[in-house]
1. Give Phe237, Phe223 a once-over and let me know the one that is closer than 23 Å to Val199 by Cβ, more than 12 Å from the ligand (Cβ to nearest atom), buried (at least 24 other Cβ atoms within 10 Å of the Cβ) and at pLDDT 95 or above.
2. Suppose we filter Glu93, Glu111 for residues that are open to solvent by 40 Å² or more (accessible area, probe 1.4 Å), among the acidic types (Asp, Glu) and within 12 Å of the ligand (Cβ to nearest atom); which single one remains?
3. Does Gly273 satisfy the condition of being on the phi > 0 side of the Ramachandran plot, assigned to a loop (DSSP other than H, G, I, E, B), within 16 Å of the ligand (Cβ to nearest atom) and not charged (D, E, K, R)?
4. Quick check on this structure: which one of Leu87, Leu78 is away from the ligand (no atom under 16 Å from the Cβ) and not in a helix (DSSP H, G or I)?
5. Does Phe283 qualify as being outside any strand (DSSP E or B) and at pLDDT 95 or above?
6. Test of understanding: among Glu136, Glu128, Glu157, which residue is over 30 Å from Gly84 (Cβ atoms), under 18 Å from the mean Cα position of the chain (by Cα), outside the structural domain of Asp368 (by TED's automatic domain parsing) and open to solvent by 40 Å² or more (accessible area, probe 1.4 Å)?
7. Scan segment 114-125 for residues that are closer than 22 Å to Pro260 by Cα and open to solvent by 40 Å² or more (accessible area, probe 1.4 Å) and jot them down.
8. Among the residues of segment 160-211, write down those that are of a type in the set (Gly, Ala, Ser), buried (at least 19 other Cβ atoms within 10 Å of the Cβ) and within 18 Å of Ala113 (Cα to Cα).
Amino acid sequence: MTSNAPSSQISQAHLLPVFARADVAFERGEGSWLISTTGERYLDFTSGVAVNSLGHAHPHMVQALQEQATKLWHMSNLFKSPDGERLAARLCENSFADFVFFANSGAEAMECALKVTRHYHFSKGNPERTRIITFEGAFHGRTLGTLAATGAAKYLEGYGKPLDGFDQVPLGDLDAVKAAIGPETAGIVIEPLQGEGGVRAASNAFFKALRELCDKHGILLIFDEVQTGMGRTGTLFAYERLGVTPDVMSLAKALGGGFPIGACLVTAAAAEGMAPGSHGSTFGGNPLAVAAANSVLDVMLKPGFFDQVNKMTLLLKQKLAGVVDRYPTVLQEVRGEGMLIGLKAVVPAPDLVGALRDAKLLTVGAGDNVVRFLPPLIVTESDIDEAVQRLEQACTVFSKGAA
Ligand SMILES: *Cc1c(COP(=O)(O)O)cnc(C)c1O
């Protein structure tokens, strides 16, 4: 690449071309807003795909990270980590779990969940129990293990025979789950609400039935809350709404509010047999990541935080439903929980994402022709009004095209 090439070409020349990137770059953010390198303001309803849940440049998080940056950037897991222990304790106090393993991403948190599940049965004298039941439309990550769990042909193609040990069944099909359980089954992995799959959920009754099946067969229930966890669906964890408690749960995306950190939460019973050497990570529980995650919890655990989130959610959903009613040739329905919102489109979802970007509202596509609205949880009423106005603007473009 020559030095006088346009900057847009230079920036893409050496990145492995695995992403279809939109032709816009951002320089900084403020709350729900992003400012592009050309100085234009965009309303950010991607939140970095459910990551920046407290918005951009949240003062409390900025301060926490700045303070940590002057003290210690990295410390290996050869030594004690008081701040990591504090983060783990807070996650356990606010969930079903007794133990936490820190990783650096969602896929790694899920890898830990899968390994814990196999190891649980190994330590009980059933090493043959290694198979895990998963659901169609799932997304669990891109490592070879989590990709096999995801099971989607479009992601698996080109990477050889998928890792063995996963049995995928249709979402919500209890008979299929029962039929899939055999002497080698170790657990069931499910997202409380599928994100990438198109903001799709099974019924609460289905989740209750899964819990009962797991108890009956002595297998583990694993919730992938990488996307739903840390407040995205209106409670700290999505399982709280289901009235069903898992044995193992993965977290990542919003846990560090934008700093990479993942976590695998486990009950004492499920963690039986995990001992020094059973699993590990160089960066897992890194002091910067732990400081970021503790600062996220400081904000989310403040009394009243979720009251405000739920108030804004209701407002946003009502207004979105109004737009769906007014533009039936463009939009079909609003779905989702909390601020994991899906707009099922009539027009091709990628076209709608593009039109919204033209209107300077950033959203994320998903499966099932859905556009995801993932505002930061600190979104304000005026941000919501602005977003709805921009959505109407984009819908007008399509309904004119259809006329
Ligand atoms: C994003 C996501 C993952 C993978 O997380 P990465 O950090 O990209 O590895 C796993 N599970 C779910 C439900 C996700 O949404």
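1. It is Phe237.
2. Glu111
3. no
4. Leu78
5. yes
6. The conditions single out Glu136.
7. Listed by number, the list holds a single entry, Lys115.
8. Selection gives Ala186, Gly187.
The values are calculated or read from the model by the stated rules, or taken from the named source; none is laboratory data. The structure displayed is predicted, hence computed values, not measured ones. FYI the Cβ positions are ideal-geometry reconstructions off the backbone, even for glycines, and counts take in every protein chain you see. Only protein heavy atoms, including side chains, enter the accessible area calculation; ligands, DNA and RNA are left aside. Shrake-Rupley method; radii C 1.70, N 1.55, O 1.52, S 1.80 Å.
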